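The values are calculated or read from the model by the stated rules, or taken from the named source; none is laboratory data. Here the structure is a predicted model, which is why all the values come from computation and not from measurement. Counting neighbours? That spans all protein chains shown, and the Cβs are built from the backbone with ideal geometry, glycine included. Surface accessibility is based on the protein's heavy atoms, side chains included, excluding ligands, DNA and RNA. Shrake-Rupley method; radii C 1.70, N 1.55, O 1.52, S 1.80 Å.
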Amino acid sequence: MILDIYKDAFEYSAQDWKTLLILGVICLFSVLLLPIFLITGYNYRVINNAVHGVINGRDSLPKFDEIVNMFVDGIKVAIVQIAYVIVPVIIFLIFMFGASYAVDVAAVALMIIGCLITLVVGVLACLMNQMALCHMAYNDGELSKAFALKEIKEVIDDIGWFKCILTYLGLIIITVVISSVVTAIVGSIFTVLGMSGFLIDATLGGGILFLGMLLNVVVSMFIIGPYLSIFNARSIGLLYTMQIGNSPDVVEE
């Protein structure tokens, strides 16, 4: 079932390249902060489609309309994400504060223990955060449902904690691998071309290397980044539908 989710999300995310480019342009202006809420708002729409859909259901990507509503959804998503990340951050700061007053071995031990506990709690907090967004979407965008911890825990219990964590870790690995591979391929091609260019002219070789770095940034920002954000949102949304009694159907192709 997890592989079916990944397969669906891979195909779903690549069905409209115009959408990816639009997201890429918005990412370009994300340094202004406000456009970030449009990105998170759009990903929330992807989640909303997924929690009300089925695996391999051939859902269409959400449209870029009702921008104000999308912006408001993005703010709600940011509120939820900040709230859930606070706990591991506080834990980390407590251990670092304790380590600053300890000496030698005790300080190192506190730092190591703090990092390990923060890592575990951080993964759980991220998983709870993702399920919280799904739960909010499933309940018509009611913000309070994102903090209904008992209900969210019951959802994860129904799906299975191991399955949820395995799926989430799989998404992290897939995201890192795809980003690294694309970056490595583009970088390798232009490095070879750049080295060849240096044999002819130093300016030509330098220009090719610069073009390669620029293309890597463009590909990452305008294509790979938006694609992976949609892929992750779709995957988490479909994972939410796997709870008992929620009919996690897989449509045969």
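May I ask you to order 158-169, 70-81 by the average number of other C-beta atoms within 10 Å around their residues, highest value first? Write down the numbers at each step before the final one.
On the way: 158-169: 15.4, 70-81: 18.7.
Answer by packing, highest mean first, reads 70-81, 158-169.
Carbon and sulfur together cover what percent of the accessible area of the range 1-102 at a 1.4 Å probe radius? Present the calculation step by step, with values, prior to reporting the outcome.
Working: 4060 of 5530 Å².
Exposed carbon and sulfur together represent 73 percent of the surface.
What share of Cα pairs, in percent, lie more than 21 angstrom apart in the range 112-191? Let's see the in-between values first.
Working: 1493 of 3160 pairs.
Of all Cα-Cα distances in the range 112-191, 47 percent exceed 21 Å.
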Rg (Å, one decimal) plus Dmax (Å, integer) for the alpha carbons of the range 1-104?
18.6, 59
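Could you order the peptides 170-180, 40-50 from most to least packed, using the average number of other C-beta atoms within 10 Å per residue? Before the final figure, lay out the partial values.
Numbers: 170-180: 13.6, 40-50: 24.0.
Result, highest mean Cβ count within 10 Å first: 40-50, 170-180.
Residue 112 to residue 144: FRET efficiency via 1/(1 + (r/R0)^6), r the Cβ-Cβ distance, R0 35 Å, to the nearest 0.05?
Values: r = 38 Å, r/R0 = 1.09.
That pair, residue 112 with residue 144, gives E of 0.40.
Kindly rank 21-28, 107-114 from highest to lowest mean number of other beta carbons found within 10 Å of each residue.
21-28, 107-114
Rounded, prolate or oblate: which fits the range 64-123 when a ≥ b ≥ c are the square roots of the eigenvalues of the alpha-carbon gyration tensor, with rounded for a/c under 1.5 and prolate only if a/b beats b/c? All intermediate terms of the calculation are to be shown ahead of the outcome.
On the way: a/c = 5.80, a/b = 3.98, b/c = 1.46.
Prolate.
If the chain between residue 123 and residue 169 were fully stretched, how many nm would it gain, using 0.36 nm times the residue separation less the Cα-Cα distance? Kindly include the intermediate steps, with their values, before the conclusion.
Numbers: separation 46, 0.36 × 46 = 16.56 nm, distance 0.86 nm.
My answer for the length gained is 15.7 nm.
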Over the range 1-136, with neighbouring protein chains present, the accessible area per residue in Å² at probe 1.4 Å is 53 Å²
